[in-house]
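Below: one structure, written as structure tokens.
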Amino acid sequence: MAFVSSFRHHVRSYELDPYGHVNNAVHMQWLEHGRSRLLQDKGFDFTNVEDRWGVRFVTASVKIDYKASLLLDDDVEVTTTVARFGRTSVTLQQQIVRRDPDGSRTLAGAGQCVIVFTDPTMTQPVPIPDGFKELYA
């Protein structure tokens, strides 16, 4: 079973748009934080990936489908998992879910992100380090 990283968050007033919904750019920030957490949960960050394997970890593509509105003080959970390993890239699946007071869960957003491993100069893609695959497969 693939490793799943998650974090919880309560919607804050400054994350809302003029209509009282979470702004679409905030969803993207949460997904970015989810990608960071994926590394942090295994003891890494963007810089020590380079220290350990001599590679960088860069975002090549991000997509999000908005499914339901989020409002002030909603309890949100963001999950991130590796969906696919390519030769030089990793595809991440991400979800933003509202955790409702009655215990139900509502999908608010579904995201997909492609990360490419590069050399330290960020000019050439490089194969995914074997150690990385082992951590997240």
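FYI, it's all coordinate maths here, none of it is from the lab. From a predicted model like this one, the values you see are computed outputs, not experimental measurements.
Quick notes
- A convex hull fitted to the Cα coordinates of the chain yields 115 cubic angstrom per residue.
- Cross-link partners of residue 133 among aspartates and glutamates, defined as those whose alpha carbon lies under 19 angstrom from its own and excluding same-chain residues fewer than eight positions apart: 41, 45, 50, 51, 119.
- Near residue 83, the amide H atoms lying under 5 Å from its own belong to 91, 92, 93; only residues 5 or more places off or on other chains count, and H is placed 1.01 Å from N.
- Percentage relative contact order, the chain, counting C-alpha pairs under 8 Å, at least six apart: 29
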